[in-house]
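Working notes for the structure below.
No lab work stands behind these numbers, since they all come straight from the coordinates. Quick caveat, the model's predicted, so the values are computed rather than measured. Don't worry about glycine lacking a Cβ; one is built from the backbone with ideal geometry, like all the others, and counts go over all protein chains shown.
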Amino acid sequence: MDVAEKRDDSSTSPGAMEDTPLMRELTRDHARRRQLEGLDFEAPQRTRIITVANQKGGVGKTSSAVNIAAALAMGGLQVLVIDADPQGNASTALSIEHHAEVPGMYEVLVDSTPIAEIMQEVPDMPGLLCAPATINLSGAEIELVSLVARENRLKNAITELLEQREHEGLPRLDYVIVDCPPSLGLLTVNALVAAREVLIPIQAEYYALEGLSLLLNNIELIRRHLNPDLVVSTIMLTMYDARTRLAAQVAQDVRDHFPEQTLETTIPRSVRISEAPSYGQTVLTYDPSSSGALAYRAAAHELNSRTAP
C-alpha cells in the first residue's frame, strides 16, 4: 500500500469519522433523547419568577423564553409566559391572539386588569399559559411614568395572580417567565422588579461579553434600589456553532467569568429554532427531534434541577 492509499484509508476510519463536529452532535443528540424520554420534572418548592433579559437584540432572548417555558410544561410543570415586549414575538411563537383588540399586558400594567382575565392557554401545550403583548403596550412606557409605584405594577399583578389561584384552589404556577424588550425602559424595569431570578441568553460570538457588563450594572442598580432579592441565576449560551474555535473560546470566557451561573447545555445555531415562530410554534412542537428542541429540553431540565436562589 502506498502513502496515498494509507492517507485515504485513515481518513475514512471509524475513529476519524467519530471525531467530526457532525458525529459529535449526532452522538450528543442521541444521548439527550434517551435521557429526556418520558422524564417528568420535579416541581420547585415555590413559584420561580424568572425574567429573560439582554439589552443586546438578536441573541435568542424570546426564543429562549418560549422554548424553555414549553420544555418545562412538557416536563409536567405549570408555566406562565408573560410577554412584556410590545413586539409580541413571544405571543406569536405560542400561537396566542394578540391583535390590538385583545386585552393584554397593557391593560394589566396601565389599567390594573388582573392577569387572570387576559392570560390564554397555549394550544396543544397542556400546562402552558401566556399573558400576551399587543401593540398597545408600546405606549405603556409613556403612560407608566405618571402612575403611582410605576416600577411595581407587574410585581403586584403577579402577586395578586398567585394569591387568587391559591384562594380558588387552582394548580400552583411552578414558573412565571417574563420576556422583556431589549432595552432598559420601564417595561424591563417592571420585569426585573417582579422577578427573583434573571436568565441572560448570550450569543456565542465575538461581541457577546460587550454590553453584558452594562446589563449587570443595571441589574445591580435595580437590586440596590428596587428589588434586593434579584439575582442573575442563569446564563445560557445561544446560537452556538461547535465547528468554530471562536464559539468555544467565547463559551470558555463566559464560564471563566460566571462558573456557577452558566448552564452546561448550549443552544446550537439552528434553522429549526428560527423557523418555528413563523408557524406559531415553539421548536419543541415544530420539530421535536431536532438538535434545537433537544437542547432547550436539556437546558430546561438543568435549570429546573438547580436549587432556586
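Put in line by how crowded their Cβ is, counting other Cβ atoms within 10 Å and starting with the fewest, 258, 41 read 258, 41.
Taking each DSSP H run with n ≥ 4 as -39500 (n - 2.57) and averaging over every residue of the chain yields -13000 deg cm²/dmol at 222 nm.
Cβ crowding within 10 Å, taken as a proxy for footprinting-reagent exposure, orders 274, 291, 63 from fewest neighbours to most as 274, 291, 63. Which whole-number percentage describes the relative contact order of the chain, with Cα contacts under 8 Å and a sequence gap of 6 or more? 23 percent.
Taken along the Cα-to-beta-carbon direction at a fixed 7 Å, the label points for residue 243 and residue 224 span 4.5 nm. Enter the angle in degrees (range 0 to 90, nearest 10) between the Cα long axis of helix 21-36 and the first principal axis of the Cα atoms of the chain, meaning the one along which they spread out most. Once rounded, the angle reads 50 degrees. Annotation for the stretch 258-307 versus the stretch 66-111: alpha-carbon center distance of 18 Å.
Taking only Cα atoms, what is the 0 to 90° angle, nearest 10, from helix 291-305's long axis to the longest principal axis of the chain? Relative to the chain, helix 291-305 is tipped by roughly 60 degrees.
Which angle between 0 and 90 degrees, to the nearest 10, do you get for helix 153-167 versus the longest principal axis of the chain when only C-alpha atoms count? Relative to the chain, helix 153-167 is tipped by roughly 90 degrees. In terms of other Cβ atoms within 10 Å, 207, 240 run from fewest to most in the order 207, 240. When the Gaussian network model of the chain links Cα atoms closer than 10 Å, the mean-square fluctuations of 121, 168, 143 top out at 168.
In the chain, taking the dipole from charged Cβ atoms about the Cα centre, the farthest positive-side position among 286, 113, 204 is held by 204.
Obtain the radius of gyration and the Kirkwood radius of the stretch 174-236 from its C-alpha atoms and give Rg over Rh.
That ratio is 0.95, to two decimals.
Among DSSP beta bridges whose residues both lie in the chain, state the antiparallel percentage, nearest 5. Around 5 percent antiparallel, to the nearest 5. Highest GNM mean-square fluctuation, the chain, Cα pairs closer than 10 Å: which of 110, 198, 66? It is 110. Fully extending the segment from residue 307 to residue 167, taken as 0.36 nm per residue of separation minus the present Cα-Cα distance, adds 47.7 nm.
Placing unit charges on each Cβ (+1 for Lys and Arg, -1 for Asp and Glu) gives the chain a dipole about its Cα centre, and among 62, 261, 238 the Cα reaching farthest toward its positive end belongs to 261.
Extension gain for the segment residue 116 to residue 264, taken as residue separation times 0.36 nm less the Cα-Cα distance, is 49.8 nm to one decimal. Calculated over the stretch 38-305, the projected area of the Cα convex hull averaged across directions stands at 13.5 nm².
Note on the chain: GNM, Cα springs under 10 Å; of 123, 86, 181, the largest mean-square fluctuation is that of 123. The share of alpha-carbon pairs in the stretch 44-165 lying farther apart than 27 Å comes to 13%.
One decimal place: the segment residue 183-residue 97 gains 28.5 nm when fully extended, by the rule 0.36 nm per residue minus the C-alpha distance.
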